[in-house]
Amino acid sequence: MSTPTVRAPDRAALPDLPPRPGAASRYVRETLLLVGRQLRAIPRVPERLSDVTIQPVIFTLLFLYVFGSAIAIPGTRYQDYLLPGLVAQSIAFGVIGAGTATATDFSTGVIDRFRSLPVSRLAVITAQVIGQVLEQILGLAIVIGLGLALGWRPDVGPLDVLLLVGLILLGLIAFTWFGVLLGMLVRSSDAMQGVGFAIVLPLSFLAGTFVPIEGMAAVPRFIGEWDPLSTVVAAIRQVSQGTEATGSWPLEHPVIGMVLWCTLIIGVCVPLALRRFRTTSAA
């Protein structure tokens, strides 16, 4: 009895199956999809943008017109001194927005739902950071536009503009990662807002945002000179106005100091946030 011969199908007749995406392309695709989720939520809850739109306007008008007449900065107009500081403060306030959004996702079970899906942990957190950075850019645009309308005149060329944009983006990314980590640790949106303001406001006032650090008492001056936000303020002032700061090494070399501080913040917060994401569930 002969065994029937089974003919192998012609390879050319087989359908072309799409190649399985690599880890990098899958991570990028998942990140973009999750960023789109965040952006689509803004029209449904527009008040979430109030902290990046209304708050910068209040601070700008308050300090420029209420306190500005009582503050004299030798060698420069107060608006030229104030506006770079307000840009840096807006970067720092990203800690609160990012932390609150992250804490809300944890407390409502959104993060647990993402864990049940075949989605990269890094993609989930990166999307949170990118979405918050995009929201903060809107607030910064308002601060800069309002400052220009009120007489702020930065002394910058094309290369200075590119450097300034790069520094602002680096600061946004670093402080947003810090906010995401805080949101994972606190895990309550109300508590996060309290903790965030308790951290950001003192750092803002000690960073020379509104008055020079040199005029502070010894202890606040020492803290201000080593405040990470101080290097952001000093770097933006140096690039936009050409002003030089004195004091600690980071203030005398603000651009390098800012890059080092931001790199340190990102290097610490990213692995800690990934670990917290993996081990923490909703309350």
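The values are calculated or read from the model by the stated rules, or taken from the named source; none is laboratory data. Just so we're clear, the structure is a prediction, and the values are computed from it rather than from any experiment. Note that we place each Cβ from the backbone using ideal geometry, even for glycine, and neighbour counts take in every protein chain shown.
Checked against (1) surrounded by 13 or more Cβ atoms within 10 Å (Cβ to Cβ); (2) in a helix (DSSP H, G or I); (3) more than 16 Å from the chain's Cα centre (by Cα), THR53 meets all criteria but (3).
Condition test on ILE73, is it surrounded by 13 or more Cβ atoms within 10 Å (Cβ to Cβ), assigned to a helix (DSSP H, G or I) and out of contact with any Lys or Arg (no Cβ under 8 Å at 6 or more places or on another chain)? Here the answer is no, as ILE73 does not meet what is asked.
Quick check, is PHE222 over 10 Å from GLY85 (Cβ atoms), surrounded by fewer than 16 Cβ atoms within 10 Å (Cβ to Cβ) and touching a residue at least 12 places away in the same chain (Cβ under 8 Å)?
Values: over 10 Å from GLY85 (Cβ atoms): yes; surrounded by fewer than 16 Cβ atoms within 10 Å (Cβ to Cβ): yes; touching a residue at least 12 places away in the same chain (Cβ under 8 Å): no.
It is false that PHE222 is over 10 Å from GLY85 (Cβ atoms), surrounded by fewer than 16 Cβ atoms within 10 Å (Cβ to Cβ) and touching a residue at least 12 places away in the same chain (Cβ under 8 Å).
Taking THR102, is it within 12 Å of the chain's Cα centre (by Cα), farther than 23 Å from SER240 by Cα and of a type in the set (Ser, Thr, Tyr)? When the stated conditions are applied, THR102 does not pass them. Scan the range 205-245 for residues that are of a type in the set (Val, Ile, Thr) and more than 25 Å from GLY147 (Cα to Cα) and the total you get is 2.
Would you check if GLN89 is buried (at least 24 other Cβ atoms within 10 Å of the Cβ) and in contact with a Gly (Cβ under 9 Å, 6 or more places away or on another chain)?
So GLN89 does not fit the description; no.
State which residue is nearest to ILE168 (Cα to Cα) when the search covers only the range 105-122 and only residues that are in contact (Cβ under 8 Å) with a residue 40 or more places away in the chain and in a loop (DSSP other than H, G, I, E, B). The residue in question is SER120. A residue that is at pLDDT 90 or above, hydrophobic (A, V, I, L, M, F, W, C) and surrounded by fewer than 23 Cβ atoms within 10 Å (Cβ to Cβ) cannot be found anywhere in the range 228-243.
This table checks each residue for (1) modelled with pLDDT under 90; (2) surrounded by fewer than 20 Cβ atoms within 10 Å (Cβ to Cβ); (3) part of a loop (DSSP other than H, G, I, E, B).
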site	(1), (2), (3)
VAL124	yes, no, no
ILE137	no, yes, no
GLY151	yes, yes, yes
ILE168	no, no, no
GLY171	no, no, no
PHE175	no, no, no
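With respect to GLY247, is the statement that it is surrounded by fewer than 22 Cβ atoms within 10 Å (Cβ to Cβ) and at pLDDT below 90 true? So GLY247 fits the description; yes.
Among the residues of the range 229-262, how many are in contact (Cβ under 8 Å) with a residue 60 or more places away in the chain and either in contact with a strand residue (DSSP E or B) (Cβ under 7 Å, 6 or more places away or on another chain) or not aliphatic (A, V, I, L, M) (or both)? The number of residues fulfilling the criteria is 7. Selection within the range 235-267: residues that are among the polar types (S, T, N, Q) and assigned to a helix (DSSP H, G or I). The member of this set that is farthest from LEU83 (Cα to Cα) is THR263.
If a residue must be part of a helix (DSSP H, G or I) and more than 22 Å from CYS262 (Cα to Cα), how many such residues does the range 194-219 contain?
5
If you go through the range 62-99 and keep only what is under 14 Å from ARG237 (Cα atoms), aromatic (Phe, Trp, Tyr) and free of Cβ contacts under 8 Å to residues at least 60 places away in the same chain, you end up with just TYR78. Assess whether LEU162 counts as being exposed (fewer than 15 other Cβ atoms within 10 Å of the Cβ), free of Cβ contacts under 8 Å to residues at least 60 places away in the same chain and over 24 Å from TYR78 (Cα atoms). Criteria met by LEU162.
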